[in-house]
Structure formats: C-alpha cells, structure tokens
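Read-outs throughout are calculated quantities, based only on the coordinates presented, and are distinct from any laboratory measurement. Computed from a prediction, not measured in an experiment: that's the story for all the values here. Heads up, the Cβs are rebuilt from the backbone with ideal geometry, glycines too, and the neighbour counts pull from every protein chain shown.
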Amino acid sequence: MSVPAAPTAVIVLHWGVEADTLACLRSVVATGFPARPLLVVDNGTGAPSDAAIASVAPAAEVIRLAENLGYTGGNNVGLRRALARGAEYVVLVNNDATLEPACLDVLVRAAQEAGPRVAAVGAKVLQAADPTRIWMAYGRLTYRAALVERIGHDEPDQAGSEALRDVDWVSGCAVLLTREALDTVGLFDDRFFAYHEDVDWCTSARRHGYRVVFAPTARAHHRGGASTAAHGGGAAVRYLCARNTVLFAAKHAGPLAAATLAVRIGGSLPLAWVRERRRGGPGHVRDLLRGYRDGLLGRELPYVALGLR
C-alpha cells in the first residue's frame with residue numbers, strides 16, 4: 001500500500017448500531033491505509049466505548065458529541081478537526097459501510113490523477129446483503145418527485161469501464177473530499193441534517209467550477225438505512241427526504257426546474273395515496289406531506305418526534 005502524497009484523514013460517523021461501526025473500522029484498518037488522522041465521531045450516543053474502538057482501531061481518535069447532529073453536523077465536526085490537523089483529503093465513510101481493501105488507495109489516487117479542480121471522488125457502493133448487486137454507482141439530478149436518481153441501483157455489478165467519469169453527485173457513503181473545495185464551498189449545510197446533503201454539497205461544488213468524479217474501482221459495501229433504523233426509522237427517512245427536497249430546490253433550482261419538481265411532486269402524491277389506501281399502508285404519504293410542509297415553511301426539525309434525539 002503506497003503512502004498518499006498528501007495527508008489524508010478518514011472519518012467514520014457513529015450513528016446507529018455499535019457492531020456496524022466496529023465492522024466499518026475493522027475494514028478501514030484492514031486496508032493498511034495511513035489515515036492521518038482516523039477519526040470516529042460519536043453522534044451523541046455514548047457507544048461504542050473507547051475500549052471497543054481501540055480494540056479494532058488502536059490509532060483512532062474519538063470525538064464525543066453531546067447530541068445527535070445528523071450526518072451533516074457530525075461529519076462537520078470531524079471535517080473541522082481533520083482540516084485543522086492538516087489533511088489535504090478527507091474520506092467520509094458511513095458506519096454501516098465496509099470498504100474493500102483497495103478502496104481508500106483508489107480514492108486518493110483518483111483525486112491525484114483526475115486533474116485540477118476536483119471537489120469529490122465517490123466510490124461504487126455495493127449492497128452488503130448481496131455484493132453482486134449495486135446499491136449506487138453515482139447520482140443524477142432529475143428534479144422529478146424523488147429529486148435524484150441513483151444510477152445502477154439494484155443492478156448486477158458487471159464488468160465495465162474502469163475510467164473515472166464526471167457526474168452530478170456521488171454518495172456520501174464512501175467519498176473523498178478535497179481541502180481546496182472544502183475551503184471554497186464550505187462544509188455540509190447543517191439545515192439538511194441527513195439525506196440529500198451530499199447532493200447539495202456536490203451541486204454547490206460544481207457551481208463553483210469544481211468537478212465531482214466517480215471512481216468505479218473504489219468499492220464499498222453498504223447496509224443502507226442502518227443508521228436511521230435505530231434512530232427514527234422509515235418515517236424519519238421519508239420526512240427528511242421530502243423536507244430536504246424543498247430545501248434543495250429553494251437553494252439551487254431555477255424557475256423551470258422548481259416548476260418541474262412541483263408538478264412532479266403534485267402528480268405523485270395522489271397516486272401514492274391511492275396505493276397506500278389499497279394496501280392499508282401506515283401513513284407514508286403523511287410523512288411526505290409533513291416534510292414538504294416544514295421545508296416550505298422553514299420549520300425546525302421535530303427531532304424528538306422523529307426519534308432523532
């Protein structure tokens with residue numbers, strides 16, 4: 001394993017299941033990558049213990065937060081620490097993900113070889129339950145009801161081009177961010193808390209003239225939803241996605257894109273309600289409506305009601 005030419009930090013945000021975080025850290029350590037530093041940010045849970053972390057990642061530094069600040073706030077704390085320690089690259093890894101042995105090395109090499117003005121390099125994310133299938137390769141901004149499309153989702157992981165490619169956005173599940181872009185674009189927008197924050201940051205970076213790159217040979221495995229399953233579950237995910245879609249549109253969409261999104265959402269909700277009524281569903285449309293409403297009104301997140309704190 002080659003030593004990166006520039007100091008590279010790795011951040012694992014603990015939010016969810018302790019066993020997931022420890023498995024994630026084992027995979028990071030197993031790469032042999034010289035993370036400088038390796039940070040574990042505990043998002044207000046108090047677990048796993050320092051001893052448990054040290055048993056799998058002796059060099060890890062642990063940052064304990066008083067409350068759950070979400071993906072955005074928790075990673076922002078880690079990013080500030082990593083940048084203060086001189087990191088030129090920072091790799092964020094979801095705690096419910098594990099890395100293949102070459103993943104970190106490939107991300108750094110891709111950032112160095114892609115050329116100037118690179119903001120982010122994303123890994124190919126495979127499904128942990130079935131690594132022969134893709135959870136997400138990269139993302140496309142569509143302004144349809146879901147706002148985005150995950151390219152490759154649930155498709156077989158077949159051999160294809162290994163070349164880097166410029167894309168709209170890459171998943172925050174396993175992503176390298178460059179110091180240059182972080183200094184220019186800023187950190188994650190804390191208003192998003194979780195979901196679509198990676199879309200927002202990549203979109204902001206591209207507006208500043210930076211590139212967002214997908215590196216297909218950097219590979220991670222992701223359980224998907226494991227963090228919020230223990231803190232809020234599906235209702236929180238639906239609410240946050242709807243709310244953050246509105247926040248994203250207010251921040252980035254021009255008149256045509258905003259109108260397209262509004263029409264798509266308006267057309268999708270009655271159909272979703274009919275399907276829900278036929279199946280006796282548990283109120284998924286209600287979660288979406290609350291999210292859209294709170295996004296439009298700029299309301300504070302109902303942390304306790306969503307089980308997020």
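What to note about this one:
- Note, ³J(HN,Hα) from phi for segment 10-20, Karplus 6.51, -1.76, 1.60, rounded to Hz, x at Gly and Pro: 10, 10, 10, 8, 7, 7, x, 9, 4, 4, 5
- Cα-projected label distance for residue 84 with residue 47, points at 7 Å along beta-carbon direction, nm: 2.9
- Sites count as exposed loop sites when they are GluC sites (Glu not before Pro), lie in a DSSP loop, and have at most 15 other Cβ atoms within 10 angstrom; the longest stretch of the chain without one is 163-299.
- Here segment 243-262 and segment 97-163 have alpha carbon centers that stand 25 Å from each other.
- Convex hull of alpha carbon positions in the chain: directionally averaged projected area 15.6 nm².
- Shape call, segment 1-53: gyration tensor on alpha carbons, a/c limit 1.5: prolate
- Sorted largest first, the principal axis extents computed over the alpha-carbon atoms of segment 148-270 equal 41, 32, 27 Å.
- Selected from 114, 90, 249, residue furthest toward positive end of dipole (the chain; charges at beta carbon): 249
- Using the Cβ-Cβ distance between residue 277 and residue 132 with R0 set to 30 Å, the FRET efficiency from 1/(1 + (r/R0)^6) comes to roughly 0.25.
- Computed from Cα positions, the angle between helix 70-84 and the longest principal axis of the chain comes to roughly 30 degrees.
- Ranked by how many other Cβ atoms sit within 10 Å of their own Cβ, fewest first, the residues 11, 151 fall in the order 151, 11.
- Relative to the longest principal axis of the Cα atoms of the chain, the long axis of helix 233-252 lies at roughly 90 degrees.
- Entry note, the chain: the mean residue ellipticity at 222 nm calculated from DSSP H runs of n ≥ 4, each adding -39500 (n - 2.57), is -13000 deg cm²/dmol after division by the residues and rounding to the nearest 500.
- What the phi angles of segment 42-59 give under the Karplus curve with 6.51, -1.76 and 1.60, with θ = phi - 60°, is a coupling list of 8, 7, x, 10, x, 9, x, 6, 4, 5, 5, 5, 4, 5, 10, 9, x, 8 Hz, glycine and proline written as x.
- Helix 103-113 and the longest principal axis of the Cα set of the chain meet at an angle near 90°.
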